[in-house]
Amino acid sequence: MIQTVAWITSLIFMVLIGVVFGWVALNSTKKEEYQPIVKKWYKVRKLYGIALVTFMVLVSIYTLRELPYNEPVYSAGVEPIVVDVEALQFGWNISQTEFEVGDSVEFRVTTADVTHGFGIYDPEMLLLAQTQAMPEYTNSVYITFDEAGSYEILCLEYCGLGHHVMTATLEVK
Ligand code: CUA
């Protein structure tokens, strides 16, 4: 579908460029006073510029107004369990690792040393959520456990020789 759209759009623009090229080639021998043309097209350029800026501002407002930054993924009114996570070479200090099905959790992630990546994997090892563990910052990541099982925590940022052993397990019953 997207490929068809891209293909047709490309074709339209190719034809358009061809037409403009042909028009310029056909008119290239014509002689005209330059100043009035410049004046006219400066005006067009100004209008085009204003229209473009207006359009982009409107599009930006429309598309940015509901950014999910720092928004919990669970419904409003749900009080999440807050879990503190501290990453360090090469392991995790997690204040709570056992949960019940249906628990909404906010992990507040930071690091004691270098940057790490906090990734939560479901029992089938699909990545569910992740955030960066950054020195002197606390990043929140929100998740609701709706399936029982063992959830793996893997480090998602290369952080040294022991990066690959930086794992932990969350149990959901
Ligand atoms: Cu911690 Cu990679």
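The values are calculated or read from the model by the stated rules, or taken from the named source; none is laboratory data. As the structure is a prediction and not an experimental result, all values here were calculated from the model. Every residue, glycine as well, gets a Cβ built from its backbone with ideal geometry; the counts of neighbours run over all protein chains shown. To get the accessible areas, we keep the full protein, side chains included, count just its heavy atoms, and leave off ligands, DNA and RNA. Shrake-Rupley method; radii C 1.70, N 1.55, O 1.52, S 1.80 Å.
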Total residues in the range 125-173, condition more than 16 Å from the ligand (Cβ to nearest atom), within 16 Å of residue 85 (Cβ to Cβ), open to solvent by 20 Å² or more (accessible area, probe 1.4 Å) and not β-branched (Val, Ile, Thr)
5
For a quick check of your reading of the model, give me the residue pairs whose first member lies in the range 138-158 and is in contact (Cβ under 8 Å) with a residue 12 or more places away in the chain, whose second is acidic (Asp, Glu) and part of a strand (DSSP E or B), with beta-carbon atoms closer than 7 Å and at least 6 apart or on different chains.
140/106; 142/106; 150/171
Those residues that are buried (at least 16 other Cβ atoms within 10 Å of the Cβ), part of a loop (DSSP other than H, G, I, E, B), of a type outside the set (S, T, N, Q) and near the ligand (Cβ under 9 Å from one of its atoms), I need them from the range 76-117; list them, please.
90
